Every structure is written in structure tokens, then in C-alpha cells.
Amino acid sequence: MPIFKIENKKVKQIKALQFKNERELQNLIEDNLEEIFGIKFIASEFSTGEKHGGRIDTLGLDENNNPVIIEYKWGENDNVINQGLFYLSWLVDHKGDFQILVERKLGSKVKIDWGQPRLILLAASFNKYDKHGINSIAENIELWTYSLYDNGLLAVE
């Protein structure tokens, strides 16, 4: 969707840009996690260990103290939902590891609510199969898209 700037009753389209790589996107979101999603930052690039062999992009805690996983996709990737579900399953299976991270970051008085862990997938776009597929899954999955524009503008939807 094009974005326009209005000056003197005239519109000028603002140029769409791209992040250099996925890490640039991730750093920007993590630095502004509370402003964009209302989520407290807990950890970045968290290893799921040798057995599971993965790295969770971002771990957080939302305003209701629900654990949150955020996975970023800079390019086209057909396995984003599967990857996210893998990490969500790992998280629910390793509550103690997450509790320790939260205590180190926010203190020991935080009570985590495990009733609604969230998975946020953030990408430039999703295909129709991804959009339809998450409706068939009982987990709390959110598909968010981003657009980067000239003049320091970022849209997150």
C-alpha cells in the first residue's frame, strides 16, 4: 500500500525501502518492543540447546505476563509457521528456562501466566496459505506485517 505525504494540497509518494537484513529488522523491533507491541524484552537469539538445535529470535513478556516468542522473516520463507510452532512447543516444555530468564531480567516477583503463550510472526508479507493455516491451529499465533519507508517511517500491521 503506497504512503503519501501531503504538502500544499499536493501528494508525494514516499519511497518504500527494505531493511538490509533480518537482523536490522530484529534490532529495531527489540529496541522498541514495548512501544510497538506492548511487550517487555527478555532475550534475543535464545538457544534452544543442542538437542533442539534452534535459536528463538526474541523472547518477551506481554502486559498480562504471558510469554511471547517473536520470529522475524526478512525474505520469503514457507516454514515460518512451522518454525514458530516448534519454538512455542519448546517454550511450553521448558518453562523453567523461561522463568530463570524473566527473573534475571525483571526480578523474582513476576508471576508468568502460562495460559496464553503467544507467537508473533513478523514478515514483509504472508501468503494466503499462511493466513488461512493459522486459523486451523489452536495456538495463539499472530501474523504481523511491516513496511519500511523513506523519511524514517515504519508501518506495522
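Take every DSSP beta bridge whose two residues both sit in the chain; close to 65 percent of them are antiparallel.
Give me the net charge of Lys15's neighbourhood, meaning all other residues with Cβ under 15 Å from the Cβ of Lys15; Lys, Arg count +1, Asp, Glu -1. Walk me through the numbers on the way to the answer.
Numbers: positive: Lys5, Lys12; negative: Asp150.
Net of charged neighbours comes to +1.
Find which of Ile6, Val68, Gly115 sits farthest along the positive direction of the dipole of the chain, computed with +1 on the beta-carbon of Lys and Arg, -1 on that of Asp and Glu, about the Cα centre. Most positive-ward Cα: Ile6. For the range 1-88, averaging the sequence separation of C-alpha pairs within contact (under 8 Å, six or more residues apart) and dividing by the residue count gives a relative contact order of 18 percent. Hey, how much of the P(r) for the chain falls beyond 21 Å, as a percent of Cα pairs? For the chain, the fraction of Cα-Cα distances above 21 Å is 50 percent. For the cross-link pairs Lys73/Lys109; Lys40/Lys111; Lys51/Lys95; Lys73/Lys111, which exceed 22 Å when the distance is taken from alpha carbon to alpha carbon? As for pairs spanning more than 22 Å Cα to Cα, those are Lys73/Lys109; Lys73/Lys111.
The relative contact order of the chain comes to 21 percent, based on Cα pairs under 8 Å that sit 6 or more residues apart. Max-minus-min Cα coordinates of the range 71-129 on each principal axis give 41, 19, 16 Å, with the largest extent listed first.
List the aspartates and glutamates whose Cα lies under 15 Å from the Cα of Lys20, skipping any in the same chain that are fewer than 8 positions away. Within reach: Glu76, Asp150.
How large a share of the accessible area of the range 2-71, in percent, is made up of carbon and sulfur atoms when the probe is 1.4 Å and the other protein chains stay in place? Provide the component values of the computation, followed by the final result.
On the way: 2020 of 4310 Å².
Roughly 47 percent of what the probe reaches on the range 2-71 is carbon or sulfur.
With a probe of 1.4 Å, find how much accessible area the chain has per residue, and write the answer as a whole number in Å².
Values: 9640 Å² over 157 residues.
Per-residue value: 61 Å².
When the Gaussian network model of the chain links Cα atoms closer than 10 Å, the mean-square fluctuations of Ile39, Ile137, Ile81 top out at Ile137.
The values are calculated or read from the model by the stated rules, or taken from the named source; none is laboratory data. Treat the numbers as computed from the prediction; the structure is a model and nothing was measured. Cβ coordinates were reconstructed from backbone atoms using ideal geometry, including for glycine residues, and neighbour counts include every protein chain displayed. Just the protein is used for accessible areas: all its heavy atoms, side chains included, with ligands, DNA and RNA removed. Shrake-Rupley method; radii C 1.70, N 1.55, O 1.52, S 1.80 Å.
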